[in-house]
Amino acid sequence: MNQPFIAKELLLVGGGHAHVILLRMLGMKPIPGLQVTLVSHDALTPYSGMLPGVVAGHYTQDDIHIDLVPLCRFAGVRFIRGAVSHIDAAAKTVQVQGRPDLGYDVLSINIGITPSVSNVTLDQDVIAVKPISKFLKQWDLFMQRAHKGDLKNICVVGAGAGGVELALSIDQRITSLYASSSVVTQRPQISIVTRDERILKGYPSKVQQKFEAVMRDRGINIVATFDVAEVTATQIVSSDGNSQDAENVFWVTGAAPQHWIANSGLDTNEAGFVTVDEYLRCAGSDSVFAVGDIANMINDPRPKAGVYAVRQGPALYENIKRTLLGKKLKRFKPQKEFLSIVTTGGKHAVAAKNGLSLSGAWVWQWKNWIDKKFMKQFSQFPVMSQSKNTGLLRNIDSQMACGGCGSKVSGDLLSSVLSGLGIETSELDDAAIYEVPAGQLMLHTVDGFRSFIDDPYRFSEVTVQHALSDIYAMGGTPKTALAMVTVPYAESGITQRILEQLLAGTKVALDREGVELVGGHTAEGSELTLAFAINGVVRPESLMRKGNLQLGDSLILTKPLGTGCLFAADMQARAKGDWISGALDSMSLSNRKSMEVFRERGVTACTDVTGFGLAGHLLEMLHACNLSARLNLDALPLYDGADAVYYQASIKSTLHDGNRQAAQSVQESMHRNFPFLFDPQTSGGLLAAVEASQVESTLIALKANGYADAACIGSICALAGTDIEFS
Ligand SMILES: Cc1cc2nc3c(=O)[nH]c(=O)nc-3n(C[C@H](O)[C@H](O)[C@H](O)COP(=O)(O)OP(=O)(O)OC[C@H]3O[C@@H](n4cnc5c(N)ncnc54)[C@H](O)[C@@H]3O)c2cc1C
């Protein structure tokens with residue numbers, strides 16, 4: 001037996017430039033036995049070198065973002081979308097809002113910076129260029145105002161390469177708008193402000209002159225030796241009392257670290273940046289690395305620039321691997337100079353290196369080629385063969401994994417996790433006792449599956465909802481849950497961390513539904529799986545059954561279709577992060593409130609749409625009462641991305657064909673026209689038959705309760721020769 005075994009955990013905080021390189025390398029050269037987790041704010045991480053191109057209108061926002069979800073899939077890395085708000089280096093834990101702390105053996109931080117506004121009084125919402133995700137939202141709003149001709153003047157504070165490119169790119173965009181719009185007649189004045197004597201401090205004087213000339217030609221006002229101390233609603237005011245009109249302020253000044261880093265127990269310099277040695281390791285720590293703008297390389301300090309972070313990626317991979325294998329680390333020497341290409345707003349740029357400079361449209365084309373080549377690495381992945389054992393992997397064949405009760409997770413470990421969640425195992429009996437309220441019927445169901453996402457917390461939230469759904473579909477109230485857990489073979493500390501995330505997600509989801517976790521069984525196995533046996537109760541008069549359909553009823557579906565093909569694409573690293581997180585949000589949504597909406601309206605026929613797909617579950621209802629259905633295919637709600645996955649990428653779930661085979665009595669043309677009828681759903685919505693007169697009010701109530709995609713998808717009829725046809 002050759003079982004995978006998790007020996008160590010690497011936690012990556014932030015999807016910055018060095019980490020995306022590291023992730024790609026992990027995909028190409030995995031480190032067996034290593035579980036890697038990335039926590040980042042968003043599924044998308046921006047490539048700042050192309051940001052001015054978005055502002056100028058040369059690129060879309062999609063063009064400049066790396067999607068961390070498929071990248072992590074390629075790398076075999078668990079992705080957690082979340083904001084880290086604290087690191088405790090002593091306890092080796094990381095706090096992420098909305099879930100239990102994450103533990104690690106090795107940590108790496110690549111979270112970038114926030115703009116430095118600490119000495120400035122702000123009475124206006126300045127548009128800071130970092131974080132870029134926030135900037136882009138503000139930029140969209142700014143452009144809406146620009147289209148209405150609402151802008152009097154624009155002021156860019158900061159005249160380094162970023163500020164200069166931004167000012168020129170804004171000018172480029174406003175110029176195009178001015179040329180094409182009949183509304184925008186008054187061109188806003190653009191100024192760039194610096195506390196230095198000239199723009200582009202540190203650049204060769206020839207480059208400074210070139211950009212000063214470009215700005216003059218474009219009518220951009222350069223305000224030098226102006227140290228901004230205050231931003232009022234309409235002006236900027238300098239520390240020596242001068243003022244300048246500024247109604248729309250863009251902030252591209254020096255960098256500051258995120259404030260919580262100061263309390264992490266990591267060594268920082270006086271400005272608060274994490275100090276790292278020549279191995280990229282935090283000073284004084286064996287297990288924490290920091291890279292990119294957040295790191296201050298004590299031996300080779302460099303200005304904050306993405307090119308340094310990119311170059312750190314391979315060195316970070318190597319030194320993390322050496323740390324895990326207990327080998328001597330390799331020194332990292334950052335490049336002394338780098339090729340700086342600064343764009344002038346249009347498709348024209350100036351390149352500078354070692355005191356030399358070149359300019360022209362071809363320089364922009366060259367930069368465009370470099371940038372696009374860089375981005376391509378993160379969307380087109382090579383097909384990899386199985387990795388070789390590099391020594392970290394500890395196969396358990398030498399110590400044969402036990403079966404039977406020997407495969408159970410140790411009692412101490414489990415009790416410790418459960419008691420951390422407020423569940424005392426000492427109070428539990430051999431079996432759970434539940435007193436059934438008089439006059440009610442009991443409902444029993446069991447459901448679960450192997451993990452289809454890497455994040456145990458989110459996986460458990462979805463699995464809980466999936467399992468409860470059977471009870472809701474029958475109009476019942478779930479009362480108790482028994483969990484059946486299999487955790488992957490791992491060092492006991494790692495098993496504990498997986499269980500903490502899994503059971504915390506379970507507890508939170510069950511608590512929300514008022515269901516008590518009364519017991520379970522936890523074993524080790526080759527992969528993470530989770531199932532729940534749920535018991536519920538229902539008053540006989542509230543019972544909803546599959547077979548209670550009435551001729552003329554309308555069919556309402558509460559959630560979209562498409563999880564089967566979306567997660568099949570995700571497995572192949574071909575689904576966008578936003579599609580997956582949108583689907584997960586909906587899959588974590590309980591079906592309880594929709595059931596209550598149906599029950600209030602006297603609905604008696606309902607089912608939940610899961611593995612057999614909409615067609616399979618609808619056929620079960622139809623066969624139970626010998627009726628047929630006419631579906632309106634245009635009304636069927638679909639998850640974002642499902643269409644693209646099925647039609648463009650030709651990806652479908654492995655169960656799709658089986659579901660299709662089983663649905664022979666569905667009108668033949670529907671097989672061609674709407675394949676999502678056969679797409680298996682995980683934690684799908686409820687499908688209920690509602691009296692036609694109640695449809696409108698039911699849909700209003702469902703939408704008010706969070707089922708934004710609920711739709712009336714057809715009606716019950718009596719057809720000859722087919723069970724389901726479409727209208
Ligand atoms: C307009 C402009 C143009 C620029 N052009 C260039 C250029 O051409 N070349 C160049 O070398 N440099 C350029 N820079 C500088 C460059 O932006 C930075 O040096 C670079 O982005 C730093 O990268 P990083 O890897 O440190 O972090 P970032 O790229 O900033 O990435 C940080 C990541 O961490 C995530 N994150 C942040 N905080 C948290 C948290 N608390 N929890 C979880 N996740 C978190 C973010 O979502 C993000 O994914 C430019 C800057 C600007 C403003």
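The values are calculated or read from the model by the stated rules, or taken from the named source; none is laboratory data. This one's a predicted model, so the numbers in the text were calculated from it and none came from an experiment. Note that we place each Cβ from the backbone using ideal geometry, even for glycine, and neighbour counts take in every protein chain shown. The protein model used for the area step is the full one, side chains on, heavy atoms only, and it has no ligands, DNA or RNA in it. Shrake-Rupley method; radii C 1.70, N 1.55, O 1.52, S 1.80 Å.
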Across LYS8/LYS92; LYS327/LYS408; LYS130/LYS333; LYS210/LYS347; LYS29/LYS130, pairs whose alpha-carbon gap is larger than 23 Å: LYS327/LYS408; LYS130/LYS333; LYS29/LYS130
Calculated SAXS-style log₁₀ I(q)/I(0) at q = 0.18, 0.20, 0.27 Å⁻¹ - segment 285-357, Debye, Cα scatterers: -0.80, -0.91, -1.30
FRET efficiency for ASP227 and GLU270, using Cβ-Cβ distance with R0 set to 30 Å, rounded to 0.05: 0.90
Residues with amide H under 5 Å from that of GLU516, placed H, sequence gap 5 or more: THR480, ALA481
Convex hull of Cα atoms in segment 473-609, direction-averaged projection (nm²): 10.7
Convex hull of Cα atoms in the chain, direction-averaged projection (nm²): 36.5
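Quick one: of the DSSP bridges fully inside the chain, what percent are antiparallel, nearest 5?
Details: 65 of 116 bridges.
Restricted to the chain, the bridges split so that about 55 percent are antiparallel.
Within segment 415-492, list the GluC sites (Glu not before Pro) lying in a DSSP loop whose Cβ has at most 14 other Cβ atoms in a 10 Å radius. Spell out each step's value before the answer.
Details: sites: GLU424, GLU427, GLU435, GLU461, GLU491; in loops: GLU424, GLU435, GLU491.
Qualifying residues, ordered by number: GLU424, GLU435.
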Heavy-atom accessible surface of the chain: percent carbon and sulfur, 1.4 Å: 49
C-alpha center-to-center spacing [segment 167-222, segment 314-337] in angstrom: 42
Farthest positive-ward along the chain dipole, Cα basis, beta-carbon charges - from GLY493, PRO204, VAL436: PRO204
Rounded tilt (10° steps) of 411-420 against the dominant C-alpha axis of the chain: 70
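Taking a ≥ b ≥ c as the square roots of the eigenvalues of the Cα gyration tensor of segment 571-727, is the shape rounded (a/c under 1.5), prolate (a/b larger than b/c) or oblate? Write down the numbers at each step before the final one.
Numbers: a/c = 1.92, a/b = 1.12, b/c = 1.73.
The shape class here is oblate.
Treating only the Cβ atoms of Lys and Arg (+1) and Asp and Glu (-1) as charged, compute the dipole magnitude of segment 1-139 about its Cα centre; round to the nearest 20 debye. Mind dumping the intermediate values first?
Numbers: 11 positive and 10 negative charges, 73 e Å.
Dipole about the Cα centre, nearest 20: 360 debye.
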Cβ-placed point charges (K, R +1; D, E -1), dipole of the chain about Cα centre in debye, nearest 20: 2740
Cα-centre dipole for segment 195-296 with unit charges at Cβ (Lys and Arg positive, Asp and Glu negative), debye to 20: 460
Charge dipole of the chain about the Cα centre (unit charges at C-beta), most positive-ward option of GLY360, PHE567, LEU141: GLY360
Rg to Rh quotient for segment 628-700, alpha carbon positions, Kirkwood Rh: 0.99
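When you count, for each residue, the other Cβ atoms within 10 Å and take the mean per peptide, how do 342-354, 153-165 rank with the highest first? Display every interim value, and only then the final one.
Details: 342-354: 20.4, 153-165: 24.8.
The packing order, highest mean first, is 153-165, 342-354.
Once you order the gyration tensor axes a ≥ b ≥ c over the Cα atoms, which shape class does segment 1-103 get: rounded for a/c under 1.5, otherwise prolate or oblate by comparing a/b with b/c?
Working: a/c = 2.78, a/b = 1.52, b/c = 1.83.
Here segment 1-103 falls in the oblate category.
Take the Cα radius of gyration of segment 176-272 and divide it by 2.2 N^0.38 Å, with N its residue count; two decimals is plenty.
Working: Rg = 18.0 Å, N = 97, 2.2 N^0.38 = 12.5 Å.
Expressed relative to 2.2 N^0.38 Å, the Cα Rg reads 1.44.
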